[in-house]
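Take a look at the structure below.
The values are calculated or read from the model by the stated rules, or taken from the named source; none is laboratory data. From a predicted model like this one, the values you see are computed outputs, not experimental measurements. Here Cβ is always computed from backbone atoms with ideal geometry, including for glycine, and neighbour counts include all displayed protein chains. With ligands, DNA and RNA removed, areas are computed over all heavy atoms of the protein, side chains included. Shrake-Rupley method; radii C 1.70, N 1.55, O 1.52, S 1.80 Å.
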Amino acid sequence: MTLRASEVTGGAKVMLMASQGLHQGDGPILKQAQSEPRRVDNANTKLEKPQVPVDKNRLERWKATGVVALSQCNLKAIPDEVWACGPSARVLDLSNNSVQDVPAQVGCLSSIQKLFLNANSIMDESISWEALKSLKYLTVLSLNQNHLTSLPSSLGELTSLRQLHVANNSLTSLPIEIGLLTQLEVLKVNNNRISIIPARIGDCNSLIEVDLSSNLLSELPETFGNLHDLKALHLSNNGLKSLPSTLFKMCLQLSTLDLHNTEITMDLLRQFEGWESFDERRLLKHQKQLDFRVVNSAKFDEGADKN
């Protein structure tokens, strides 16, 4: 219900209560409140913007630059002109539209390197993964804020991927084939409903940053210790009570660890082998941030600094 419908009067105090048990501080919204349409006095004003047309000059510019920029163009479908770019396209940005289908024609963009499909209406069955896996040069795939509930096993065939962004969906798991993505450096799957991470994640030995925050995790596989290049691990808003035993001992590049709203305490962390070395790296990084005025606080609460 909306605030207007609930008849909340001016000056009232509203308390927002976080539901316990799900460990999702800002997880997926199960049902969005429907707001009342705004009344517009000017009868000539349209509430919905028209779809941006693709003229000949724009198409020629796409082919010349290799960048197909269609973000925030009120699209409900991918224009046919995109497929006309063929192998000349290197970047396709369709973020912040209402696109529902990613058809098999995406396979004709054989030289595509970066594909941005954030904030659309894409569902599991409406994206052609068979076509995507033919994109041998694809290094960045971004599908944040859609309606995905699962990722297929064919994801493992995107062996050139270096960044995978699937935050703010409704994913319940990751395929074990994710372990085939040995060049993957950034994995962001925050704000989903994932309860188990496959042990094969340890085969992604190029990972530098992993964001698993705001999921339903109660544990992580021991194979996280195989991620020797890992520098940042975000785990806030989960039901974690412990960490992989070799995380600090084996991940000697790790300097950022976010444990806000988990059940892990500083006393527990101090018992892990390699904690002292990690703590030195953590403090050194934060001191550098202070020196360059990146942050404005001398205290660095990472969620485990509890009294």
(message) Which of the numbered conditions does E130 fail, given that it passes all the others? Conditions: (1) part of a loop (DSSP other than H, G, I, E, B); (2) surrounded by fewer than 16 Cβ atoms within 10 Å (Cβ to Cβ); (3) in contact with a helix residue (DSSP H, G or I) (Cβ under 9 Å, 6 or more places away or on another chain).
(response) (1)
(message) Filter the range 168-188 down to the residues that are in a loop (DSSP other than H, G, I, E, B) and small (G, A, S) and list them by number.
(response) S170, S173
(message) For the range 228-238, check the following and say yes or no: at least one residue is of a type outside the set (F, W, Y) and over 30 Å from L283 (Cβ atoms).
(response) no
(request) Keeping to the range 135-159, report how many residues are open to solvent by 30 Å² or more (accessible area, probe 1.4 Å) and not β-branched (V, I, T). (result) 9
